[in-house]
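J.: To start, I am sharing the structure in question, which I have written as structure tokens.
The values are calculated or read from the model by the stated rules, or taken from the named source; none is laboratory data. On a predicted model such as this, the values are computed, not experimentally measured, just so you know. Reconstructed Cβ throughout: ideal geometry from the backbone, glycine too, with neighbour counts over all protein chains shown. The area values use the complete protein model at the heavy-atom level, side chains included, leaving out ligands, DNA and RNA. Shrake-Rupley method; radii C 1.70, N 1.55, O 1.52, S 1.80 Å.
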Amino acid sequence: MLVDGKWMENWQPVQQADEQGRFVRQTSSFRNWITPDGRPGPTGEGGFEAEPGRYRLYVALICPWASRTLIARKLKGLEDLIEVIVVNPTLTDQGWSFGDFPGADDDPLLGARYMHEIYTHADPNFTGRATVPVLWDMKRNVMVNNESADILRMLDTAFEHLVPSKMRLYPDEHAAQIDALNPRLYDLLNNGVYKAGFATSQAAYDEAMDGIFAMLGELEDRLTDDFLFGDALTETDIRAFVTLIRFDAAYHGLFKTNRRQIRDYPRLSSYLQRVLQVPGVRETVDMDHILHGYYSIKALNPLGVVPKPPEHVAGILSEVIKRRPDPNAFKTASIA
């Protein structure tokens, strides 16, 4: 990690643990928002007006948090407005790196070798881990935001005047329900798989596992419609999807979340396929990056052997490509 702008130690998966051995995730540090007119958002300072070609999004295709933002960019039709830079999925001793893997990019900003160089360019005295996603402002040459939940939400609204969309990922009619479910979904499932995989005590692992499968059971029970809040996809569906698509291929084995697989849940399995069929979502899923990324974590897989994806996961992904669904076949939450 970086300490006062200097790289001090080899990358380790456990950022911090509490006294009971529970995995503790780092809090994001850059919290400015892009807004239609450049006024301040819910956090941070103003001055980040939505403009074509002004912003760059750094992502890792292995990373569920980064994948949230990629999906939002696709669904909102922002590909021509926001450039994407994909880092190498295999984690080095200095964290995320650029190039050297099919589908990974070189850094066009600094010609940087590692993501932590982008952070020290933003703040020469930065202390913490160099995470993705990162939203970068090329006009002011500063980091806008490195919190995926913020980026997901700002992409939903900030560029509406430039690229009008019929889709609303955070619709007013479901805002209260979304705000109630998101934190629980994050704690028990999205971050829960990491709390299980990186637990440093039996009690912490058991607690995480109970939470993961309680949430999976809850999701299975509530999926009586196409999506979590009815027949229109929302940001909560994106949050759930990025963990579900990685579950059987990576978390079930490597993170020992092995009580059940997603394919053991009939409604969740059908739901996973429905989300994948939403035009634009499948293009954000790269199972090669996902498997090579997770299985490059030396603390969990010291020999670096990378498995193939489970047959049922590979089958679902290839089937979606074959179908090429009609973009008009899916309902979206409309803009009020």
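J.: With a 1.4 Å probe and all protein chains left in place, how much of the accessible area of the chain comes from carbon and sulfur atoms, in whole percent?
T.: That fraction is 49 percent.
J.: While we're on this one: Determine the alpha carbon to alpha carbon distance for each of Lys6/Lys76; Lys256/Lys298; Lys6/Lys74; Lys74/Lys139; Lys6/Lys298 and list only those over 26 Å.
T.: Lys6/Lys76; Lys6/Lys74
J.: Remind me, relative contact order of the chain in percent, using alpha carbon pairs under 8 angstrom and six or more residues apart?
T.: 20 percent
J.: Which value in nm describes the separation of the simple spin-label points at Asp4 and Glu311, placed 7 Å from the Cα toward the beta carbon?
T.: Distance between label points: 5.8 nm.
J.: How would you classify the chain from its alpha-carbon gyration tensor, with a ≥ b ≥ c the square roots of the eigenvalues: rounded for a/c under 1.5, else prolate if a/b is greater than b/c, otherwise oblate?
T.: Rounded.
J.: What does the net charge come to around Phe126 if you take all other residues with beta carbon closer than 12 Å to its beta carbon, with K and R at +1 and D and E at -1?
T.: -1
J.: When ligands, DNA and RNA are left out and all protein chains stay put, how many square angstrom of accessible area per residue does the chain have with a 1.4 Å probe?
T.: So the chain comes to 43 Å² accessible per residue, rounded to a whole number.
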